[in-house]
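Colleague: Take a look at the following structure, please.
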Amino acid sequence: MIDSATLPSPCYLLEASKLRKNLQLIDQVQQASGCTIILALKAFAMWSAFPMVGEYLLGCSASSHNEARLARQHFGGHVHLYAPAYSATDFPSLLKLCNRISFNSLSQWQSFGKQALSAHISCGLRVNPGIDEVETDIYNPCGRESRLGIPPEEVADGFPEGIEGLHVHALCECEADSTQRLIEAVEQKFGHVLPYLKWCNLGGGHLMTRSGYDVDHLIDVLKTFRQRHPHLEIILEPGSAIAWQTGQLVSSVLDLIERGGIHIALLDTSATAHMPDVLEMPYRAEVQNADFPGNKPYTYRLAGPSCLAGDVIGDYAFNQPLSVGDTIIFEDMIHYTMVKTTMFNGVSHPSIAILHEDGAIEVVREFNYTDYEMRLS
């Protein structure tokens, strides 16, 4: 049990031993399948942990100039860049930061392809395989009207000269069967271009570190795909899988009130600012030692300190009544949470800490007024 008294509140706490366990499993997939796995910064960009990640992964995928710069400056290695659209202003600087660039449309390729090839960048096209593996629409990139990727009919006659790679991203926290169906769709709809390419990026969403995931099936699917196309380098860029279940968001109770017969615990942690997927996806965050209402005797609505009326995390039941100053710990808050935070309403941003493998806790970043002030002008 972690002594939360040693931490500032609120605080994200990464557990290094759990991160390493994930990375070891991911490396087993790399070694057994012969594929390359890179870190998707859109899900996990805690650069103080990059030295450990770099022991197992060769590079990063980035989706913006800032992510590409972070990868180059703090991670090194291979950088694969993809964005829905590039600007003429940023593109020359992007060429200095990446090894591969995927274009989201043929018009973007026509606008920037020559520059990329002149800079000796390996170029690819992102395509939409049109599969339906993601239940939540906001995270499904494969809808018929999706802006992400080129539909098969636009490249029915093949890829333009100069394109060396195919990039798909169609999954979100999916199982190995989804990866199999993704590969089947790629071969069915884009198989005519595969013999002429050098690499194929299967994107993210391969949640291989989740308990119960069929890792052996994933390895088999990837190996057989490589056997059918031995000239292709196969890349995966999972995000959630890297930092899945590797840490917590530690918070404190600021006040206890009752409104309309509901007991409300006001926390120093905000749904809208610190864990926005609770509102956007939405999903129910797991709280340590808590359960659904009715399963334990004392139920509270956990809510944030901002002025947003809907800054509500959810209703949770506890064995004992809460008191001001009590610690509330939200589980699995490292992937796709830290990267989405804001300083809305000037609410204090959570500190960032690491529980090292030797048991020592290091607070690697605390935020202050200057951080808030410098976001605006």
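Colleague: Let me have the relative contact order for the chain, percent, based on Cα pairs under 8 Å that are six or more residues apart.
Modeller: This gives 19 percent for the chain.
Colleague: Quickly work out the Thr342-to-Asp132 label distance, labels modelled 7 Å from Cα along the C-beta direction, and quote it in nm with one decimal.
Modeller: Here the modelled spin labels are 3.2 nm apart.
Colleague: Under 28 Å Cα to Cα from Lys21, which lysines show up? Leave out anything in the same chain fewer than 8 places away.
Modeller: In chain and number order, the partners are Lys42, Lys223, Lys340.
Colleague: Using a Förster distance of 35 angstrom, determine the FRET efficiency expected from the C-beta separation of Asp157 and Thr224, and round it to 0.05.
Modeller: The formula returns an efficiency of 0.80 here.
Colleague: Over what distance in Å are the Cα centres of the range 84-100 and the range 280-357 separated?
Modeller: Centre-to-centre distance over Cα atoms comes out at 38 Å.
Colleague: Give the calculated FRET efficiency between Val364 and Cys307 to the nearest 0.05, with a Förster radius of 35 Å applied to their Cβ-Cβ distance.
Modeller: Efficiency for this residue pair is about 0.75.
Colleague: Among 345-353, 22-30, 260-268, how do they line up from the highest to the lowest mean number of other beta-carbon atoms within 10 Å?
Modeller: Going from most to least packed, we get 345-353, 22-30, 260-268.
Colleague: Need the list of aspartates and glutamates near Lys198 for cross-linking: C-alpha distance under 12 angstrom, and skip anything on the same chain fewer than eight residues off.
Modeller: Of all the aspartates and glutamates, those that pass the test against Lys198 - Cα under 12 Å, at least 8 places apart if same chain - are Glu164, Glu233.
Colleague: On a straight-distance basis, which aspartates and glutamates could pair with Lys18 in a cross-link, Cα separation under 20 angstrom, same-chain partners fewer than 8 positions away excluded?
Modeller: Answer for Lys18, where 20 Å is the Cα cut-off: Asp3, Asp27, Glu55, Glu173, Asp214, Glu237, Glu286, Glu331, Asp332, Glu357, Asp358, Glu362, listed by chain and number.
Colleague: Next question. Testing the spin-label approximation: label points 7 Å from Cα along Cα→Cβ at Ser63 and Gln115. State their distance in nm.
Modeller: 2.2
Colleague: Moving to a separate point now. Before anything else, pin down the relative contact order of the range 202-300: Cα pairs under 8 Å, at least 6 apart, normalised by residue count, whole percent.
Modeller: 20
Colleague: Thr6 to Leu322: FRET efficiency via 1/(1 + (r/R0)^6), r the Cβ-Cβ distance, R0 22 Å, to the nearest 0.05?
Modeller: 0.55
Colleague: Further question on the same structure: Simple spin-label model, 7 Å along Cα-to-Cβ: Glu286 to Asp90 in nm?
Modeller: 3.4
Colleague: With axes computed from alpha carbons, what is the tilt in degrees of helix 176-190 against the longest principal axis of the chain, rounded to the nearest 10 within 0 to 90?
Modeller: Helix 176-190 sits at roughly 30 degrees to that axis.
Colleague: Report the convex hull volume per residue for the range 1-124, counting only C-alpha atoms, in Å³.
Modeller: Expressed per residue, the convex hull around the Cα atoms of the range 1-124 is 130 Å³.
Colleague: Charges at C-beta only: +1 for Lys and Arg, -1 for Asp and Glu. How large is the resulting dipole of the chain about its Cα centre, in Debye rounded to 20?
Modeller: Result for the chain is approximately 940 debye, rounded to the nearest 20.
Colleague: Now a separate question. Quick check on packing: order 130-137, 97-104 by the mean number of other C-beta atoms within 10 Å, highest mean leading.
Modeller: 97-104, 130-137
Colleague: Please report the antiparallel percentage of the DSSP beta bridges confined to the range 240-362, to the nearest 5.
Modeller: Taking every DSSP beta bridge within the range 240-362, about 90 percent pair in antiparallel fashion.
Coordinate-derived values only; no laboratory data. Since this is a predicted model, take the numbers as computed values, not measurements. Heads up, the Cβs are rebuilt from the backbone with ideal geometry, glycines too, and the neighbour counts pull from every protein chain shown.
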